[in-house]
Amino acid sequence: MRSMTGFGIGTSTHEQIVITVQIAAVNHRGLQVHVRSDLRDLAMDELVKNEVRNALQRGSITVQVQVRQPTGVTFDRDRVVATWRQLAQLATELNAQMPTIDRVMAMVGNESSSPQVSYEPILRDALARAIAAITQERDREGQALTRACLEHAAGIRRILPALRSAADVRAAAYRTAVQTRVSELLAGQPLTHEQLIREVALYSERIDVTEELVRLGAHIDALDTLIASSQDDQLGRKLDFLLQEIGREINTTGAKSNDTALTNIVLEAKALIEQLKEQSANVI
């Protein structure tokens with residue numbers, strides 16, 4: 001299991017050019033990548049987006065690219081000195097005005113006029129380091145998510161027998177209540193056995209949650225298996241779907257409850273499901 005949230009930073013240096021890449025990710029239903037770069041190069045921005053999409057898969061991701069490089073005039077000192085000496089010697093021979101440094105610099109030029117260093121390999125290296133860092137943090141967060149999800153899933157499993165027990169006693173309780181109430185209405189006349197059985201059977205059919213609890217048990221088994229499948233690339237989406245199914249069975253059980261004890265257990269199960277949903281919302 002891997003978390004969608006995380007932060008990573010990577011730095012790469014070449015010929016006094018330093019590129020730092022920072023990646024921050026939070027949870028999102030899909031994948032969004034936003035790039036803020038000092039390079040102001042659309043091709044480089046697209047390169048960053050493609051690399052991040054392929055590596056991080058899901059989440060709302062912000063990538064910041066910072067570039068630091070030497071400022072001011074840079075030049076080849078030896079070349080300037082050699083050029084000045086040649087011009088000075090020529091000026092002496094011609095009895096002309098001696099050359100000035102600014103004229104020599106204008107003739108020689110500075111290193112900014114030389115071919116520019118390519119930013120791409122430096123950027124790729126810094127980006128790879130940042131992706132590795134955020135992936136490591138996402139894995140670490142994912143371990144905590146796994147433990148939390150397993151704990152909540154175990155809580156739901158522990159509740160399942162209580163749900164079955166509370167559901168089973170309702171028909172017997174209703175039978176006694178019906179018999180007492182009808183006897184009162186009939187002024188002490190006994191209710192026939194057939195009438196009582198028919199009434200209780202009709203009520204039992206309306207409130208029966210056997211199928212819901214069977215499906216709930218199967219869903220919980222699937223939940224344990226899914227949480228354990230740490231290599232699943234679609235784990236977050238599958239968890240979301242499965243929790244919807246679990247919630248549906250719990251809600252149906254609650255709708256058929258008409259019993260305080262069963263309703264309280266259903267509410268406890270709903271609380272655990274909501275906690276699971278909160279955790280799974282961060283899973284890739």
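Derivation of every value follows stated rules applied to the coordinates shown; laboratory data play no part. Owing to the predicted nature of the structure, the values given are computational and were not obtained by experimental measurement. With ideal geometry, Cβ positions are generated from the backbone for all residues, glycine too; neighbour counts draw on all protein chains shown.
Model label points for residue 128 and residue 278, set 7 angstrom from Cα along the Cα-to-Cβ axis, are 4.1 nm apart.
Protection proxy ranking for 11-17, 244-250, using the average of other Cβ atoms within 10 Å per residue and placing the highest first: 244-250, 11-17.
Here each label is just a point 7 Å from Cα along the line to Cβ, and for residue 135 and residue 47 those points are 1.9 nm apart. Label-to-label distance, residue 54 versus residue 147, with points set 7 angstrom from Cα along the beta-carbon direction: 3.5 nm.
Figure legend: label point modelled 7 angstrom from the Cα of residue 234 along Cα→Cβ; residues of region 1-17 with amide N under 19 Å from it are 1-4. With a Förster radius of 51 Å applied to the beta-carbon distance between residue 241 and residue 88, the computed FRET efficiency rounds to 0.05. Full extension of the chain between residue 69 and residue 38 yields a length gain of 10.0 nm, computed as 0.36 nm times the residue separation minus the alpha carbon distance.
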